[in-house]
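Have a look at the structure below, then the notes.
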Amino acid sequence: MIEKKIIREGMAKLAVKEALLKLFKGYPVIDINIDKTPLGYRVIIYSHKPSVILGRAGDLIEKGVALASKLLNNESVRLQVEQIENPDLDPRVVAERIKTKLERYGFKKYKKIGDQELEIIRKAGARGAEIEIGGIIKERADHVKFRFVGGVLPKSGNVEQYGVRRASRQLIVKRGAIGIKVTIVLKSRMPGELEVNENGGSESTGTKE
């Protein structure tokens with residue numbers, strides 16, 4: 001019974017997310033998160049331009065609350081819009097931006113777009129980053145990776161603790177689909193690195209046995 005309840009709740013949350021993304025289509029909505037609270041549900045809309053949503057889509061917020069409540073068995077819903085602090089270091093924003101550029105300029109420009117976005121991430125202060133674009137490219141299936149020189153990108157272990165963030169998007173075209181995956185490393189120190197302290201000693205980020 002508990003498993004069925006969890007599955008139903010998960011499906012309801014997914015339905016709410018899809019419905020709200022459709023409702024706010026055309027507005028700078030990057031992601032939507034839905035949390036269960038003792039007082040009902042909290043729906044958070046993440047955006048790098050929240051003022052645009054609050055200013056121009058005020059009437060849609062009320063509709064969104066009503067729609068979410070209906071899909072969540074008439075539970076109480078509180079909807080809020082939150083700012084994404086640094087959009088150039090948020091993989092959700094970057095992946096969405098790449099998708100928009102591919103739609104606007106054509107998917108054959110994927111190399112130029114990938115290089116441009118990687119440079120933006122580097123200048124924003126990321127320690128490392130990787131952009132993967134794969135699918136129906138140039139009349140055939142292909143898969144490419146973009147990674148800036150000197151960047152650090154942990155691939156194994158509990159990488160989240162070192163500030164590794166990932167996001168993906170999919171662009172549907174006539175001949176198939178193009179997948180976009182963005183990985184960004186935020187923190188400045190990686191496992192195993194040494195840092196000299198003020199007393200001339202060193203400190204390692206590695207784990208002691």
Fewest to most Cβ atoms within 10 Å: VAL65, VAL77 sort as VAL65, VAL77
Cross-link reach list, lysines versus LYS4, counting only Cα pairs under 16 Å and skipping chain neighbours closer than eight places: LYS13
Quick one: order THR100, THR183 by neighbouring beta-carbon count within 10 Å, fewest to most. THR100, THR183
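How big is the Cα convex hull of segment 1-103 in projection, averaged over all directions, in nm²?
That works out to 7.5 nm², a quarter of the Cα hull's surface.
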Burial ranking of peptide ranges 66-74, 30-38 (average Cβ count within 10 Å, highest at the top): 66-74, 30-38
For GLY128, enumerate residues with amide H under 5 Å from its amide H, sequence gap 5+ or separate chain, H modeled in the peptide plane. VAL152, VAL185
So what J values fall out for segment 90-105 if you push phi through Karplus, 6.51 cos²θ - 1.76 cosθ + 1.60 with θ = phi - 60°, rounded to Hz, Gly and Pro as x? 9, x, 5, 5, 5, 4, 5, 5, 5, 4, 5, 5, 5, 5, 7, 9
Return the sequence-ordered ³J(HN,Hα) values of segment 60-70 in whole Hz as given by the Karplus equation 6.51 cos²θ - 1.76 cosθ + 1.60 applied to θ = phi - 60°, using x for Gly and Pro. 6, 5, 5, 5, x, 5, 5, 5, 5, 4, 5
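Of ASP59, ASP142, how do they rank once you tally other Cβ atoms within 10 Å and put the fewest first?
ASP59, ASP142
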On a 26 Å Cα-Cα criterion, which of the cross-link pairs LYS22/LYS49; LYS22/LYS99; LYS22/LYS112; LYS99/LYS123; LYS49/LYS108 come out too long? LYS22/LYS112; LYS49/LYS108
Span per principal axis, largest first, for the Cα atoms of segment 59-115 (Å): 47, 24, 20
Cut-off under 5 Å, modelled amide H: who pairs with LEU79 long-range: VAL43
Mind scanning LYS111/LYS145; LYS36/LYS181; LYS17/LYS174 and naming the pairs with a C-alpha gap bigger than 18 Å? LYS36/LYS181; LYS17/LYS174
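All of the numbers you see were taken from the coordinates with simple rules; none came from a lab. These numbers were taken from a predicted model, which means no experiment stands behind them. Don't worry about glycine lacking a Cβ; one is built from the backbone with ideal geometry, like all the others, and counts go over all protein chains shown.
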